[in-house]
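Step one of this worksheet: look at the structure below.
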Amino acid sequence: MNITIFGAGYVGLVTGGCFAEMGNSVVCVEVDAERVAGLQAGRTPIFEPGLDTLIRTNLAAERMRFTTSTEEGIEHGRVLFIAVGTPAQEDGSADLNAVLAVANQVGRRMKTAKIIVDKSTVPVGTADQVRATVAAALQERGLSLDFDVVANPEFLKEGAAVNDFMRPDRIIIGASRDDSRAILERLYEPFVRNRDKFVHMSERSAELAKYAANAMLAARISLVNELAGIADQVGADIEAVRRGIGRDPRIGTHFLYAGAGYGGTCFPKDIKALIHTADSLGVATQMLQAVEAVNGRQKGVLVRKMQRHYGSGLAGKTLALWGLAFKPNTDDMREAPSLVVVEALLDAGAKVQAYDPVASPAAEGVFGGKVKLCRTRYEAVADADGLVILTEWNEFRTPNFQRLRTTMKEPVIFDGRNLYDPAYLAGLGFVYHSIGRPALPASKLAHG
Ligand SMILES: NC(=O)c1ccc[n+]([C@@H]2O[C@H](COP(=O)([O-])OP(=O)(O)OC[C@H]3O[C@@H](n4cnc5c(N)ncnc54)[C@H](O)[C@@H]3O)[C@@H](O)[C@H]2O)c1
């Protein structure tokens, strides 16, 4: 099938690459000309496992191409996917400018019947707005061409996006027309051997389902982080608590890890947008507001632990930072806890030496010259007064602790991802602060 994707970001590239891999002919329309030139030359602008190969293979097979021309894209696709950004605005609402700009272009340029599929995360009622925008543009041209708008939210996780798209646990199709439903099912069939994975509903329910999923997941994280705060004070171990409750099938084991707060593009902006939608309708949102507030506080938890540890203040201290991306296997730093920690450390007069396996180029743009970006994890800890861990990259799980101890000025670790065993670290002579677990005194023996 001929498909067009608007937006060559995390969602657009993965969607386009995966559909092309299944034999479809895909055109990706992107407003950023530099990005298009790079992609066309085989350079993938983001880090996502498997994506680079997927794009190169399908470019070479001529099943995929990139363009800045909306005209070319609209002409090409029977199905037009919208995968542009919907960032939070000042008041928390989702910015629909890019989505509606695409809808307007489609209405102004389409010559044959189209199915417009919204994959961007958008507030309830956006499918209706897209429909009205396309209809208005068609009316201006004095045309009445057939088109439909379908809400098809995306649930991929950055860091595992290609795999998630290839093996989805469900595909939500919010459509009111049988023919649109059938075409969407045909497109997705190669990814789902088990047809039970299609979940059909109205456009509005599909739009809300996406926000509901993120709200549920964010709520779990904030709740476990709040419990970790209690564990910290009462001398309990949140990791033991997690294992104790996760085996209850009503609770389950996923998304039950205490940490330095959630980040990324989705949870923070989607919770804000959902609160905004509810507010505008007079619906109370105590839970959602608490989820957001707890997360905002949690992003500062390591800074508070550092302030307590150093007592005399952070001015003049050198802190090593391991992990800048908001989670492993991505270079995405948007809303990452690292941003809050770095800002607080710099404000307090500390020096920051950071290392991330893939997010350093992204970090350069964010921090400028204010943070020293290191090429290895050991370079980052050189003469550091402490090590702060913010992303659970695999290479941080088993470092050479002996080397760390001899490279660092003071063997102190502030672990925002609970990667290590506190007793083991204490035995090696580290002062180890983690989330929701008692900090044990470092063994005197190891210091000797
Ligand atoms: N990133 C995720 O993990 C994820 C997961 C599920 C859903 N979503 C949702 O999908 C949407 C896209 O997210 P993303 O992370 O891929 O965003 P992104 O910022 O990585 O990419 C969006 C791309 O769209 C381009 N763009 C903007 N206006 C355009 C236009 N008029 N025509 C063509 N291209 C245009 C931008 O230049 C950018 O490259 C958002 O609504 C997001 O909430 C994201």
Here the residues within the stretch 171-201 that are open to solvent by 50 Å² or more (accessible area, probe 1.4 Å) and in contact (Cβ under 8 Å) with a residue 40 or more places away in the chain are Arg186, Pro190
Tally the residues that are polar (S, T, N, Q) and out of contact with any Lys or Arg (no Cβ under 9 Å at 6 or more places or on another chain), restricting the search to the stretch 5-51.
0
Single residue of the stretch 362-399 satisfying the filter (among the β-branched types (Val, Ile, Thr) and at pLDDT 95 or above) that is most open to solvent (accessible area, probe 1.4 Å)
Thr398
Return yes when Glu154 is within 15 Å of the ligand (Cβ to nearest atom) and modelled with pLDDT under 95 and no when it is not.
no
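Table: residues versus (1) more than 25 Å from the chain's Cα centre (by Cα); (2) over 30 Å from Asp179 (Cβ atoms); (3) away from the ligand (no atom under 13 Å from the Cβ).
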residue	(1), (2), (3)
Gly12	no, no, no
Gly23	yes, no, yes
Pro45	no, yes, no
Glu71	yes, no, no
Val99	no, no, no
Gln105	yes, no, no
Test set (1) more than 18 Å from Phe414 (Cα to Cα); (2) in a helix (DSSP H, G or I); (3) open to solvent by 50 Å² or more (accessible area, probe 1.4 Å); (4) not hydrophobic (A, V, I, L, M, F, W, C) - Gln233 fails condition number
(1)
Identify the single condition in (1) more than 9 Å from the ligand (Cβ to nearest atom); (2) surrounded by fewer than 15 Cβ atoms within 10 Å (Cβ to Cβ) that Val36 does not satisfy, given that it satisfies every other one.
(2)
Only residues that are open to solvent by 10 Å² or more (accessible area, probe 1.4 Å) and in a loop (DSSP other than H, G, I, E, B): list them for the stretch 421-436, please.
Asp421, Leu428
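The values are calculated or read from the model by the stated rules, or taken from the named source; none is laboratory data. Not measured: the values here are computed from a predicted model. Every residue, glycine among them, receives a Cβ derived from its backbone with ideal geometry; neighbour counts consider all protein chains shown. Remember, those area values only see protein heavy atoms, side chains included, never the ligands or the DNA or RNA. Shrake-Rupley method; radii C 1.70, N 1.55, O 1.52, S 1.80 Å.
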